[in-house]
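Shown next, in structure tokens, is the structure this report addresses.
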Amino acid sequence: MTGGIPKTIADLPTSKARYIGERVPRVEDQMLVSGRAEFIDNATLPGMLHGAILRSPFAHARIVRIDTSRARALPGVFAVVTGEDARATTAPLGTIPDGWGVHCLAVDKARFVGEPVAAVAATSRALAEDALEQIDVEYEPLPAVVDAFEALKPGAPLLLEEKGSNVVLHKQFRWGDVDAAFRDADRVVREKLRWNRLGANPMETFGVIAQWDPSEATLTCRGSYQTQGYMALGISAVLQIPAHKVRVISHPHGGSFGGKGGMRGTCIAAMLSRQADGRPVKWIEDRMEYLVGGAGQAWDRHYEAALALRSDGRFTGLHVTLLDDLGGTPEGAGAISAAKPLASFTGCYTIPVAAYDLTLVLTNKLPTGPYRGMGPPPHNWVLEHLVDTAARELGIDPGEIRRRNFIAKDRFPYEIATGNEYDSGDYEAALDRVLEMSDYRRLREEQAQARAEGRLVGIGLVSTIEPGVFDWNAYAIVGVPMTGVPEGATVSIDLFGKIVVKVGFSLEGQGQYTVAAQLLADYFGVELGDVRVVAQDSLSAPPHFGPGGSRLGVALTGAVLGAAERVKAKLVRAAAHLLQADPGVVVLRDGRLEVPGVPGAEMTVAQVAAVMLTRSDLLPPDLEPSPEATCVWTAPGRTPADADGRAKSYLTAANACHIVRVEIDAETGQVTIDGYWIADDCGVRLNPANVEGMIQGGVAQGVGAALLEEYVYDADGQPLTSTFADYLLPTISDVPIPETAAIVTPSPFTPLGAKGVGEGAMHTTPAAVLCAINDALAPLGVQATETPASPHRLWKLLESARSHAKSNR
Amino acid sequence: MKPPPFAYAAPRSVADATALLRASDGDAKLLAGGQSLLPLLAMRLARPSLLVDLGRIADLDYVREDDGMIAIGAMTTKTAVERSALIRTRQPLLHDATRLIGHPQIRNRGTVGGSMAQADPAAEYPAVAVALGATLRLAGERGERSVDAAAFFPSPFTTALEPSEILTEIRVPMRAAGSGWSVLEIARRHGDFALAGAVVMLGIESGRIASARIVLFGVAPVPVRVSAGEAALLGESPGRPAFEHAAACARDAVSEPLSDPHASAAYRCHLAGVLVGRGLAEAAARAEGSS
């Protein structure tokens, strides 16, 4: 429903918006900085037990025998579960594509190091961990396959023997006559690129308190859930309980970025609670469990890509081949991440035809999950790398070659080769702005001088799309059948005129409570503090999804304003009756219901609401005595995907243009980022401070991706990065604070013209930093083609360039 | 990530602590700042039956001038070292090295004695101790003894401490007039353990190198003294040719280089050479500036 939702801020029933569009301090921050938000590990229930999980030490091993008798005998241990219990009482975990699921506890064999094998519930976590040491598991190690190319070969160890192959999906897509484009091209640039596995690392790991109610056969799961309703469906399917008997309560949580996961942990905790006769069981994933066995690893990708172009630098075709290593099973949305690039496959450019050869393969590593950006960040790097290579080969400036290929601002809405439609944009404006901010001409002059001194200085300039407002139809090619992502909100006004808005998600850090409060304060003419946002659990909230896919800011705006419109309609009817006026002439403006031009014919929202709730005798007989309404919003105009995955999927296309300056220490390979400029266009900014936070956080994660973060496995599938001493997150010393500017091209499709920006600079920064590094390396004739560009990798490149130079002498 | 069960004792004197160590028959661990031990306990990689907390023992926390040396109590935190005016003015190498250790939160808890006794190959303090010719004072049941730093770190995570001995004090000489110093390291991020590090000290008299000390850390199981490079520098005039030769000696000095996902053995040795070259230049500039 989008009918009456205001399309611009000026359409709101206020003379001047005081909050929306402004840099409003977040309403969430008080409870966060005072430590009052109830994170799951702070919660305690009566009789609560603590769970701990025994995990496979082998990447691939037959489980011959498990003896839990010694663990069960320990005083204080109340439940012990193994794969046999999972086989008896649960269904395999859901997967995308469907049908590749394993149980939440390994049955018969383990497929990756860290896979849950058994679990214990005891009176303390320490005791539960002591009990794990008393469980005897006899393993028969099997050969592990760790490399994606090896996993494709005939005779490779099979993750699921019954499937006969490790290939989960192999499809070739041709959007237009790609062969002709490459045949007729003046030039083709190609590259093999390796994006290594990395992932989300929220401050808080996943945690849950599961409580089985034996009398009603219901389950309540409190936890740090990103998407409670979606999780409830999965839990219902795995534990084979009807969905209406599963209540999921999302607690405030310390970030997610897609890494919260929690399906296995929830189901295991629920099994333990059931065995413990319904005592609640808390399980908090510790950081080593998160890094080795959590839901936070993503994008283990081997690319081979080619760009066809004319001699004038115009792009005519893009061909991307992706071998995506999903790890042990496709339970974690790794496949979705391979599908999402379709929403912005050709970036900011008019590339008329495109091809995608996609292979999803299993290996004996942790299953990959979602991560901020959900797939396009590596794809964007591949595309931008090819664009830079083309510019270098043709002798065209990186900014200029992009300008020549940009979708022009008068061509929106614009349908790209892969079927999605971009809503609006002005890519040249963003480029011009960032060129000006960075004093690009001077940067290039300084670079020339540095090169003359033998220094390795590079400038990265990239321009990317952030698809916003995700829709399930974007993932049709990996077997997702849905279209639309409902998000609901219920708005009620009490008899004092204060406003409560009920939503189906909890605090995660993005500031959506503030956005809801801003919208309603302006809509009903109250103060920000007069609006309270209340999280509802999965059974109480209207249909919802929650944060994800750069969607919630826009979706919530739609739901909140839609509900507000419906409340307003009730208030207008009541006020008209009370003012003895025609409902058609009563308007809401600045918190008053009034008849324009009739002095004194006005009531405040609070007065009308109070009458509705306390004086039914004064109301029209057919008016519900309830200043409350619900609206469930989904993006308008979405289309089901065709056989090649073409769909109007993500509703918005935000644009960003980044310029980065780096210097590489020629002796050590260390990279220093010493300049960073961003022009970002996410349409109308509902809260500019929130947007800036999104961009800055994306820069941090992007720098991590480009320079630091990598999950490393040895040849036997043993993880070598199981603590933060080895998995390197960027710290405050590593992250630049960019100079930023806002470009605003409102979306014609969304409430108030906002676009999704929740993934922010994660779409752009990895490519920008890597392109800068390669610009620095270009004179040496070597290129960084693997992430992260660690000092060790860059030193090896520098060494190879030096030895090459020597042998050519 | 919860430790297995252990007993806990917080003795009030060194004598009580050594008695506890002796009674535990080698199955006790000493707790100083806990920056290495507590994670090892939580990961159940360390499983002592008894944890002897040194935090309640009076008078292991001091920095003072003693008999022409700087004496540092083993339980002195790195933050206290960092803030000590005595150390900053009289042995600035130790001050500079301290600032490379972890982050302020770690330096607030971590102790000098803890770092020495942990003997992590990537840690700064053991290499600094070797470079400075520090003396470590150990207390045991049979009384006290002193060990030169050069003999204190026989192998990684192992020291010359007997099972029932406790490190009580580190004694460091003061910087000689006319000498320069440098401590440099390459880490993936600020505060990380070094992939390679170099401690350099140079004495310059009448325009010639009169003394040289080069010690590497992070590259090998124990601190590595680059004796060949030191010898080659003596009598040379400070400058690029001499420094480059010493750097080459550093690259060759490591017989068992470490290797891990962040840095191969070859890269570590290369970095050692780079750091020694840069460190010598910095130390020479400081020596010339001070004389």
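Please find, in a Gaussian network model of chain B (springs between Cα atoms separated by less than 10 Å), the residue of B:Leu167, B:Leu216, B:Leu37 whose mean-square fluctuation is greatest.
B:Leu37
Which translational diffusion coefficient, to the nearest whole µm²/s, is obtained for the range A:430-487 from the Stokes-Einstein equation, given a Kirkwood hydrodynamic radius over C-alpha pairs, 37 °C and 0.692 mPa s?
213 µm²/s
What are the principal axis extents of the Cα atoms in the range B:32-74, in Å, biggest first?
Taking the Cα atoms of the range B:32-74, the three principal extents are 43, 17, 11 Å.
Roughly what percent of Cα-Cα pairs across the range A:598-643 reach past 12 Å? Write out the running numbers ahead of the final one.
Working: 768 of 1035 pairs.
Roughly 74 percent, rounded to a whole number.
For the range A:743-809, evaluate the Debye formula with one uniform point scatterer on each Cα (no solvent term) and list log10 I(q)/I(0) at q = 0.16, 0.25, 0.27 Å⁻¹, rounded to two decimals.
For the requested q values the scattering log ratios are -0.66, -1.07, -1.16.
What's the local net charge at A:Ala118, with K and R +1, D and E -1, over the other residues with C-beta under 15 Å away?
-4
Amide H to amide H, which residues 5 or more places from A:Tyr139 or on other chains are under 5 Å from it, using H placed in the peptide plane?
A:Val64
What lysines could a cross-link reach from A:Lys498, if we take a straight Cα to Cα line under 26 Å and drop same-chain neighbours fewer than 8 places away?
Hits, sequence-local ones excluded: A:Lys7, A:Lys16, A:Lys568, A:Lys570.
Could you give the radius of gyration (one decimal) and Dmax (whole number) of the Cα atoms in the range B:179-290, in Å?
Cα-based Rg and Dmax for the range B:179-290 come out at 13.4, 46 Å.
Are any of the pairs B:Lys2/B:Lys78; A:Lys109/B:Lys29; A:Lys365/B:Lys78; A:Lys260/A:Lys796; A:Lys365/A:Lys806 more than 31 Å apart by Cα-Cα distance, and if so, which?
Where the Cα-Cα span goes over 31 Å, the pairs concerned are A:Lys109/B:Lys29; A:Lys365/B:Lys78; A:Lys260/A:Lys796; A:Lys365/A:Lys806.
Given C-alpha coordinates of the range A:1-79, what is the ratio Rg to Rh with the Kirkwood estimate of Rh?
Numbers: Rg = 26.8 Å, Rh = 20.0 Å.
Dividing the radius of gyration by the Kirkwood radius yields 1.34.
Enter the mean number of other protein chain beta carbons within 10 Å of the beta carbon of each residue in B:261-268, as an integer.
Counting Cβ atoms of other protein chains within 10 Å of each residue's Cβ and averaging gives 5.
Output ³J(HN,Hα) for the range A:322-328: one whole-Hz value per residue in order, computed from phi by the Karplus curve 6.51 cos²θ - 1.76 cosθ + 1.60 with θ = phi - 60°, and x for Gly and Pro.
Taking θ as phi minus 60°, the curve returns 10, 9, 10, 8, 7, x, x Hz for the range A:322-328.
Could you pull out every residue, at least 5 positions away or on a different chain, whose amide H is within less than 5 Å of the one on A:Leu169? Hs are placed 1.01 Å off N in the peptide plane, and Pro or chain starts have none.
It is A:Leu360, by chain and number.
For the range A:472-532, evaluate the Debye formula with one uniform point scatterer on each Cα (no solvent term) and list log10 I(q)/I(0) at q = 0.24, 0.27 Å⁻¹, rounded to two decimals.
Cα-only, vacuum Debye calculation for the range A:472-532: -0.96, -1.10.
Working from Cα positions, state the angle (0 to 90°, nearest 10) between the long axis of helix B:240-253 and the longest principal axis of chain B.
Taking Cα atoms only, the helix is inclined about 40 degrees.
Relative contact order of the range B:63-173, please, whole-number percent, based on alpha carbon pairs below 8 angstrom and at least 6 residues apart.
Values: 198 pairs, mean separation 33.5, N = 111.
Reported as a whole number, the value is 30 percent.
Would you mind calculating the relative contact order of the range B:170-291 from Cα pairs under 8 angstrom and at least 6 residues apart, reporting the percent as a whole number?
On the way: 266 pairs, mean separation 38.1, N = 122.
Relative contact order, the range B:170-291: 31 percent.
Can you give me the Rg/Rh ratio for the range A:410-543, using Cα atoms for both radii and the Kirkwood formula for Rh?
The Rg/Rh ratio comes out at 1.17.
Which of A:Asp665, A:Asp108 comes first, and how do the rest follow, when ranked by fewest Cβ neighbours within 10 Å?
Fewest-to-most Cβ neighbours within 10 Å comes out as A:Asp108, A:Asp665.
So which helices of chain A fit the span-like rule, where a helix is a whole DSSP H run, its Cα atoms reach 27 Å or more along the axis, and its mean Kyte-Doolittle is at least 0.5?
A:552-579
Evaluate the relative contact order of the range A:278-397 (contact order divided by residue number), counting alpha-carbon pairs under 8 angstrom at least 6 apart; express in whole percent.
Here the relative contact order equals 32 percent.
Whose amide H sits under 5 Å from the amide H of A:Lys109, counting only residues 5 or more places off or on another chain, with H placed in the peptide plane?
Here the answer is A:Ile63, since their amide H atoms fall under 5 Å of that of A:Lys109.
What list of ³J(HN,Hα) values in whole Hz, one per residue of the range B:94-106 in order, does the Karplus curve 6.51 cos²θ - 1.76 cosθ + 1.60 (θ = phi - 60°) give from phi, with Gly and Pro shown as x?
Values, residue by residue: 5, 4, 5, 5, 4, 5, 7, 7, x, 10, x, 4, 6 Hz.
For each of B:Thr76, A:Thr368, A:Thr787, B:Thr158, count neighbouring Cβ atoms within 10 Å of the residue's Cβ, then give the residues from fewest to most.
Ordered by Cβ neighbours within 10 Å, fewest first: B:Thr158, B:Thr76, A:Thr787, A:Thr368.
Using only the Cα atoms, work out Rg/Rh for the range A:575-687, with Rh taken as the Kirkwood radius, to two decimals.
Rg/Rh for the range A:575-687 comes to 1.34.
Please give the net charge around A:Leu613, taking every other residue with its beta carbon less than 14 angstrom from that of A:Leu613, where Lys and Arg add +1 and Asp and Glu add -1.
-1
With a sphere of radius 13 Å drawn around the Cβ of A:His763, what net charge do the other residues whose Cβ falls strictly inside it have (Lys, Arg +1; Asp, Glu -1)?
Taking every other residue near A:His763 into account, the sum is -2.
Given the alpha-carbon gyration tensor of chain A, what are the semi-axes of its equivalent ellipsoid in whole angstrom, ordered largest first, with each equal to the square root of 5 times an eigenvalue?
Semi-axes (√(5λ), whole Å): 43, 39, 22.
Using θ = phi - 60° and the Karplus curve 6.51 cos²θ - 1.76 cosθ + 1.60, what whole-Hz ³J(HN,Hα) does each residue of the range A:732-746 get, with Gly and Pro shown as x?
4, 6, 9, 9, x, 9, x, 8, 10, 9, 9, 10, 10, 10, x
Treat the count of other C-beta atoms within 10 Å as a stand-in for reagent exposure and order A:Ile737, A:Ile241 from fewest to most.
The fewest-first ordering by Cβ neighbours comes to A:Ile737, A:Ile241.
In a GNM of chain B with a 10 Å cut-off on Cα contacts, which of B:Ser49, B:Ser179, B:Ser115 has the highest mean-square fluctuation?
B:Ser49
Taken together, the values in this text are just the output of simple stated rules run on the coordinates, not laboratory data. Given the structure is predicted, the values throughout are model-derived calculations rather than measurements. All Cβ positions, even for glycine, are placed from backbone atoms using ideal geometry, and neighbour counts span all protein chains on display.
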